[in-house]
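Taking it in order: structure first as structure tokens, then the write-up.
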Amino acid sequence: MNLLERIVFNILFNTVLSFISGIAIVVVAIWVCRIKSQAFRLYLYSLPFVKVLIDIFRGVPPDSYIWTDLNFFSLPSNLGGFMSLSTGFSKLGPILALKFGVSDKLRPEQSEPVLYSLSFPDVVYSWITDHVGRHSISVILVLVLLVSFFLMVYRLIAWVHFEYLRIRDRKASCSLVELKKIGVRNVDIYISSAYSGSPFTGGLFKPYICFPQSTFSLLSLTEREAVIGHEIGHIRHFDLFQSMIVSLMGDLFWFVPFYRMTARKIDIHREILADHYATSTSVSHGALAQALVRLKELNLSPPKPALYSAFAKSKSTLEHRVNLILNRKSEPQFKILQSIYFFSCGLVITGTVLSATFGGNYEIEKSQGMQQQVEGWIKRHLGSE
């Protein structure tokens, strides 16, 4: 039980380090590279989520300190901790790493020291067991996992309930406006008297666009077409699938700092890209902007939680979207050299985010540079026998 507890604690709370390191690199990269493209930004903001999943599937490294069953604050005299701040290159790209580890003293009969990788959550685990109590870790894990389980179950039930009401409403009190074929999917557009507020797109596998009756009457014909163009953008970009993954991960890792803030940024970029899709077709920029302005005074608070994409979900972003629609008619068209530059930036940033380690799990690299670094630390701080 003790080993399983340590493994779960390690993996669970390494997600904090994985996400924070990933989003920090992304924010700096966007500023340094002067990235203005909404699509590129959306891709970059999704990288920390991918990093969290990859690091979870990697699990605990085979040379981790966890397998020794030692307490970091009461190590045997022949062992000592070390820290390594390094940069370099891997198969994925540049490496930024702040690594912790445990090593034994280098003895004459050893060709190299025995190294164990160490993560900051492992140190926290040892500190909690020493200063709070042995069973406190179990209590923390149970509480964290119970909250995660409750949030995920609550969201799934709410999604199913929302779709059930939507199906019942369509059979009872809605009128079909139009049926569109988008790729291989048929999308029906209908008016409902059961809802109020913003038009929205729903349905993971059989998408639909719903206009509340009051909103449909409020908008002109060109404004309705603009709204439909925006919602079709969400369907073509598979935004509901992305929203589902990000929302469920947010429930599972509710304790990760900046997670929900980043999820909101992704949501905003998706809305802007849907606006760009609409205006790249035959939709009038003015009609789309006017539709947003008309909906500003409506109650835009969506059912919580609900798996759908509303045309105007938050009043705080409406002014920004309107300005972008009127003043920036399309995504920047890159020339060849600019395209090469941003493609290269994308590769470098992706590799850096996915390979970065800041106090998290990592696998010891048996490189001469690391060996010399550790040997030097041992000679300075532990001495030799």
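Quick notes on this one:
- Residues of region 114-141 classified as farther than 28 Å from Glu363 by Cα and either touching a Leu at 6+ places or on another chain (Cβ under 9 Å) or in a helix (DSSP H, G or I) (or both), total: 3
- Complete set of residues in region 8-30 that are within 15 Å of Ser148 (Cα to Cα) and of a type in the set (Ser, Thr, Tyr): Thr15
- The set of residues in region 286-299 being modelled with pLDDT under 90 and either β-branched (Val, Ile, Thr) or surrounded by fewer than 18 Cβ atoms within 10 Å (Cβ to Cβ) (or both) consists of Val293, Arg294, Lys296, Glu297, Leu298, Asn299.
- Residues of region 336-362 classified as modelled with pLDDT under 85 and either in contact with a strand residue (DSSP E or B) (Cβ under 6 Å, 6 or more places away or on another chain) or closer than 29 Å to Ile7 by Cα (or both), total: 0
- Test: residue in region 6-21 that is touching a residue at least 12 places away in the same chain (Cβ under 8 Å), of a type in the set (Val, Ile, Thr) and closer than 22 Å to Ile272 by Cα: no
- For region 149-198, the set of residues classified as under 32 Å from the mean Cα position of the chain (by Cα), surrounded by 12 or more Cβ atoms within 10 Å (Cβ to Cβ), closer than 22 Å to His237 by Cβ and not acidic (Asp, Glu) consists of Arg155, Trp159, Phe162, Arg166, Lys180, Arg185, Asn186, Val187, Ile189, Ser198, listed by residue number.
- Of residues in region 19-59 being over 16 Å from the mean Cα position of the chain (by Cα) and within 16 Å of Tyr362 (Cα to Cα), the one surrounded by the most Cβ atoms within 10 Å (Cβ to Cβ): Arg58
- Residue match in region 29-51 (condition: in contact with a strand residue (DSSP E or B) (Cβ under 7 Å, 6 or more places away or on another chain) and farther than 26 Å from His320 by Cα): no
- Of residues in region 58-89 being over 24 Å from Leu4 (Cβ atoms) and polar (S, T, N, Q), the one modelled with the highest pLDDT: Ser84
- Residue list for region 188-207, filter: free of Cβ contacts under 8 Å to residues at least 24 places away in the same chain and within 17 Å of Val160 (Cα to Cα): Phe205, Lys206
- Looking across region 199-221 at every residue that is assigned to a loop (DSSP other than H, G, I, E, B) and of a type in the set (A, V, I, L, M, F, W, C), the one that is surrounded by the most Cβ atoms within 10 Å (Cβ to Cβ) is identified as Leu219.
- For the criterion of being exposed (fewer than 15 other Cβ atoms within 10 Å of the Cβ) and at pLDDT 90 or above, Leu146 passes.
- Residue satisfying all of: in region 160-198; hydrophobic (A, V, I, L, M, F, W, C) and in a loop (DSSP other than H, G, I, E, B); nearest to His230 (Cα to Cα) among these: Val184
- Among the residues listed as Val27, Val16, the single one being hydrophobic (A, V, I, L, M, F, W, C), more than 28 Å from Tyr116 (Cβ to Cβ) and outside any loop (DSSP other than H, G, I, E, B): Val27
- Scan of region 222-263 for residues that are in contact (Cβ under 8 Å) with a residue 24 or more places away in the chain, under 30 Å from Gln290 (Cα atoms) and outside any helix (DSSP H, G or I), ordered by number: His237
- Any hit, region 365-384, residues being at pLDDT 60 or above and either aliphatic (A, V, I, L, M) or in contact with a helix residue (DSSP H, G or I) (Cβ under 8 Å, 6 or more places away or on another chain) (or both): no
- Exclusive hit being buried (at least 20 other Cβ atoms within 10 Å of the Cβ) and within 20 Å of Thr129 (Cβ to Cβ), set Asn2, Asn10, Asn71: Asn10
The values are calculated or read from the model by the stated rules, or taken from the named source; none is laboratory data. Nothing here was measured: the structure is a model prediction, and the numbers come from that model. Positions of Cβ are backbone-derived with ideal geometry, glycine not excepted, and every protein chain shown enters the neighbour counts.
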